[in-house]
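These notes are about the structure you will find just below.
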Amino acid sequence: MSNRLRARWAPAAIALLLGGCALQMQPVADFGAAANHLATTYKPFASGIAASCEQRERYIALGNAGAFDDAVAERAAAVRCAPLKEAGATAALFGQALADYASALATVAGTKATVFDSDIKGVSGAAAKLETKGGTAIFDSRKLGAATKIARAAAAIVMQEKLQTLTRATLQDNADALAVVVDAMKTYADKIYAGQLADTRELMAGELRRLVAASNAPTQGDVEARLPWRYAQAAARADIEANELEARRVRDFARAADALLAAHADLIANFDKLGGARRLELVSAFVNQVKALNDDAAAL
Amino acid sequence: MTDPTASDIAASAIAASTAPTADDTADAMALLADVAGHASTVLFNYRRDNPGAPDLEQALNLEMTLDKRAIDLRVQAVRLLGAQAGEALAQMKDATRKVDDFLVTIKAVEGRLAVANAVIGLTGAALVGDAGGILAAVVSVHTALKSAEA
């Protein structure tokens with residue numbers, strides 16, 4: 001190979017290597033970021049079950065005979081639902097595990113720039129010391145720039161290989177554990193938490209129905225006495241709407257959790273195929289589902 | 001057909017939400033909790049809609065029993081999930097720790113190694129402006145680092 005040909009080939013080969021590495025790790029980074037966001041979406045579910053239980057108990061107290069003190073009812077509700085608060089702390093562990101795992105993946109996939117930037121500073125510093133010797137320039141700026149670029153490439157190749165090895169092992173070794181944890185999150189959200197929300201919603205709906213009935217004023221003279229029921233309707237309706245929104249989030253979460261597992265499996269299956277379109281599609285589908293969760297929350 | 005009494009409602013709900021066995025899944029417990037919770041709500045509505053009913057006190061007691069049962073069943077379901085996922089949680093935590101450890105190591109040791117070797121090999125190549133030499137230096141640095149890893 002002639003010197004001229006080699007001169008052209010070298011930067012191109014390194015660029016190809018670096019470009020290829022970046023492309024391969026990008027879906028892992030996207031997956032990690034989206035999975036981390038999904039864990040964030042799940043987080044309120046953990047504390048939500050006790051909150052929903054307390055809300056239900058407060059509504060029950062409103063319908064009981066005898067003296068009524070709102071503060072007392074609130075405290076009693078908290079005591080009655082305390083076991084669910086503890087259970088919610090357990091449920092939160094699932095989300096924390098997913099968040100940590102997802103962050104680790106996103107970090108290991110996206111470490112390239114951070115790690116290499118640090119290394120590049122080292123190269124630049126060392127090269128800068130060599131730049132002059134006794135006040136005389138050793139390298140011209142063009143050659144120095146080339147040396148820095150190539151050093152960066154050398155470090156990138158080595159680091160990237162190690163990162164890819166770790167990423168592949170992390171994905172493969174934890175597929176089963178991830179499935180167990182995500183299934184636990186789904187069961188908690190879709191079966192247990194959703195059941196509590198439904199219980200609370202059903203009770204509130206009954207109360208709203210009674211408020212509407214009690215608001216009826218046969219004559220103008222009856223209106224004044226009915227105003228408290230009429231005003232109370234707005235608060236009950238808002239409580240029901242908030243409950244319905246949370247139930248919808250839970251359903252959306254369950255769908256996104258399915259997409260998460262599919263994307264994770266596909267990352268493993270196609271890890272060696274640079275730029276594999278199918279892998280990108282499934283990861284993109286998952287990322288889009290998580291984005292949709294965000295849009296729903298924004299619509300509040 | 002007469003409307004079911006509070007006792008009828010409660011009896012059917014309590015029968016349906018009998019205490020789960022060790023073999024029950026979290027899903028099954030959640031379902032039992034739903035049955036108990038729903039029955040409790042039916043009793044609540046019965047009380048509210050029939051303030052003159054003769055069995056209000058009994059309805060309230062049964063309602064509260066079922067309400068508590070729903071809470072307990074949901075708590076048990078979550079505990080069961082936690083127990084089942086315990087090993088998986090530990091494994092994922094370990095994986096996270098390994099990644100963190102790796103990143104610390106890579107920055108502390110091998111980053112310096114890679115840079116030092118790259119600088120030594122490549123400054124010479126850049127000095128003579130030989131692209132082929134630069135590429136050869138890159139390969140040798142790569143090889144040296146691979147050896148260092150082993």
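Quick notes on this structure:
- In the stretch B:22-66, the residues that are among the polar types (S, T, N, Q) and part of a helix (DSSP H, G or I): B:40, B:41, B:45, B:58, B:61, B:65
- Filtered residue count, the stretch A:81-100, keeping only those that are more than 13 Å from residue B:94 (Cα to Cα), assigned to a helix (DSSP H, G or I) and either facing another protein chain (nearest Cβ under 7 Å) or free of Cβ contacts under 8 Å to residues at least 40 places away in the same chain (or both): 10
- Scan of the stretch A:205-232 for residues that are of a type in the set (D, E, K, R) and in contact (Cβ under 8 Å) with a residue 24 or more places away in the chain, ordered by number: A:207
- When we screen A:47, A:103 for residues that are within 11 Å of another protein chain (Cβ to nearest Cβ) and small (Gly, Ala, Ser), the only hit is A:103.
Each row is one residue, and each column tells you yes or no for (1) touching a helix residue (DSSP H, G or I) at 6+ places or on another chain (Cβ under 8 Å); (2) within 9 Å of chain B (Cβ to nearest Cβ); (3) over 30 Å from residue B:76 (Cα atoms); (4) not in a loop (DSSP other than H, G, I, E, B).
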| position | (1), (2), (3), (4) |
| --- | --- |
| A:166 | yes, yes, yes, yes |
| A:169 | no, yes, yes, yes |
| A:182 | yes, no, no, yes |
| A:187 | yes, yes, no, yes |
| A:191 | yes, yes, no, yes |
| A:198 | yes, yes, no, yes |
| A:201 | yes, no, no, yes |
| A:208 | yes, no, yes, yes |
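- Condition check for residue B:116: modelled with pLDDT under 90 and either touching a Lys or Arg at 6+ places or on another chain (Cβ under 6 Å) or closer than 30 Å to residue A:208 by Cα (or both): no
- Of all residues making up the stretch B:47-72, the number that are buried (at least 20 other Cβ atoms within 10 Å of the Cβ) and either more than 9 Å from chain A (Cβ to nearest Cβ) or closer than 17 Å to residue A:208 by Cα (or both): 5
- Residue count for the stretch A:63-83, restricted to those that are surrounded by 14 or more Cβ atoms within 10 Å (Cβ to Cβ) and either of a type in the set (A, V, I, L, M) or closer than 19 Å to residue A:201 by Cβ (or both): 8.
The values are calculated or read from the model by the stated rules, or taken from the named source; none is laboratory data. Nothing here was measured: the structure is a model prediction, and the numbers come from that model. Quick reminder, even Gly has a Cβ in these numbers, built from the backbone with ideal geometry, and neighbours come from all protein chains shown.
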